[in-house]
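Down below is the structure, laid out as structure tokens.
The values are calculated or read from the model by the stated rules, or taken from the named source; none is laboratory data. These numbers come from a predicted model, not from an experiment. The area values use the complete protein model at the heavy-atom level, side chains included, leaving out ligands, DNA and RNA. Shrake-Rupley method; radii C 1.70, N 1.55, O 1.52, S 1.80 Å.
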Amino acid sequence: MSLRSLLTTGLLAASALAAPPAYGASTVTKTVTVTASAHCSSSTSHSTSHSTSHSTSHSTSTTKHSTVKTTSTKKSSTLSTVVSSSSTASPSSTSATTTSVNTNGGGGTTTILATATATNYGLNDAAKAAGKLWLGTAADIPGTGEAADPYYITAFNNIHDFGEATPANIMKFEFTEPQQNVFDFSGAETFLAASAGKAIRCHNLVWSQELPTWITAPTTPWTNATLTAAMQNHIIKTIQYFGDRCYSWDVVNEAFTDGAVTNYTSNIFSQTIGPAYVVLAFDAATQAVKSNVNGSSSVKLYYNDYNIENAGAKATAAQNLVKDIKNRGIQIDGIGLESHFIAGSTPSKATQQANMEAFVALDVDVVVTELDVRLNLPPTAATEAQQVVDYYNTVSACVAVPRCVGVVVWDFDDTYSWIPGTFPGQGYGDIMYQPNGANTPLVRKAAYDGILEAFLGLPEAL
Ligand code: G3I
């Protein structure tokens, strides 16, 4: 079936879609007033208990989730208080208790009175106040324990913190087309149901990893033409199926190598089709968008990669790709800057800002798509303080660039982070964690405050 006929049929009609179930977790909120200038004042009220850090003031003055708490290790004091619905009840109950936990064995303890009120203000609210579309998070739903963790789900559900969601795995090729031209979007539908009310950055269509075996070990060896057709069929049917339920698609992910001289990464697509597979992928995606099946005409098309957050050979390769695709009259709307950083070696705010502006100058948007800042375990007050600075600088750079339209963290809870499994001895990269493990109250880290300060345009209060 030719590319054109695939387009006109719009094979998968909207009617196949089940209505998403509503997730009803109510939130317990702390009494908080959030006016940037008042911060310091609110910190005064807390400084008695947290003489060392203002981050707690930020966090106490912002958060509203039932199950999230604050730690602040800045200035080497470790304090944490848990404001959970109640340590025994599931997050959806509305009574509030306070518990204090000493995270790193150092520093004092404190209590914060929490009462349930209607007022809410979180990272997503602050992002929007800073002119961004959202602050979002990746979530590995379904698949890992996240979906079954009531504390995780309550925090994930809080639209005041997370206005966007990215599927960490379930919309990848391996899961959406397990056999050739046999699509399975059931897992993706579960993710979308869990993310009701959030914008969705759909991720990803063509990548070297998480590919089905019929692609990686075909019964008949691929030719340029047969693999091109299979790749384009995948792109078109997937974009058309989800239509405008996706704000954007990462059409191609991580096509370039690292290093002073960058090339195309070696994978089944570059080996069989050649570097042209990237342009062919965007061409197919452009046709799918133009077909406007299920409202797909609104979908933005992104190239997503890591180590392109500062000027260098790889960022230049991505910029040349943008120019090439645009010169061919093919659609590309944005660049995803993954931003998987290491505390202490994260590009400065100025470096990241200049890099974002270099991409924007090519008439594309940028998004910080997979932000986390990992550190060597165990965390120390110094490395955690540096982590806050790195989160702050990354978000501040985005705030300073109007066409940096949003920031997404690559999951928000260390319990479910990809980092320890990939980088042994490292971790603690997200903005919250569960000191007592999965299915227990979340603890909001100073990194959360770093993001908030940046969106609120506050100086990073070291
Ligand atoms: O689906 C299998 C499951 O059947 C099996 O029981 C389980 C246990 O081994 O593994 C499951 O597959 C895992 C998959 O995540 C789904 O959870 C893979 O082993 C695991 O390698 C895979 O890791 C994902 C990784 O991409 C794959 O490279 C991470 O969760 C995901 O966070 C990570 O995300 C990538 C972005 O897509 C692109 N940028 C970098 C980022 C981090 O690597």
Percent of Cα pairs exceeding the 25 Å cut-off, where the set is the stretch 159-308: 27
Report ³J(HN,Hα) in whole Hz for each residue of the stretch 427-439, in order, from the Karplus equation J = 6.51 cos²θ - 1.76 cosθ + 1.60 where θ = phi - 60°; Gly and Pro get x. x, 6, x, 9, 9, 9, 8, 10, x, 9, x, 4, 6
Regression test value, accessible area per residue of the stretch 127-216, probe 1.4 Å, units Å², expected 30
Counting only residues 5 or more places away or on other chains, whose amide H sits under 5 Å from the amide H of Lys300 once H atoms are built in the peptide plane? Ser248, Trp249
Roughly to the nearest percent, how much of the accessible area of the stretch 341-398 is carbon and sulfur, given a 1.4 Å probe? 57
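Let a ≥ b ≥ c be the square roots of the eigenvalues of the Cα gyration tensor of the stretch 347-431; is it rounded (a/c under 1.5), or, if not, prolate (a/b larger than b/c) or oblate? Intermediate results must be reported in sequence, preceding the final value.
Working: a/c = 2.74, a/b = 1.91, b/c = 1.44.
Prolate shape, in that a/c is at least 1.5 and a/b is the bigger ratio.
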Report the antiparallel proportion of the DSSP beta bridges in the stretch 321-462 as a percent, rounded to a multiple of 5. 25
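Could you tell me whether the stretch 218-274 comes out rounded, prolate or oblate from its Cα gyration tensor? Rule is a ≥ b ≥ c as square roots of the eigenvalues, rounded for a/c under 1.5, then prolate if a/b exceeds b/c, otherwise oblate. Before the final figure, lay out the partial values.
Details: a/c = 3.60, a/b = 1.21, b/c = 2.98.
Since a/c reaches 1.5 but b/c is at least a/b, the shape of the stretch 218-274 is classed as oblate.
Roughly to the nearest percent, how much of the accessible area of the stretch 185-294 is carbon and sulfur, given a 1.4 Å probe?
On the way: 2050 of 3640 Å².
On the stretch 185-294, the fraction of accessible area on carbon and sulfur atoms equals 56 percent.
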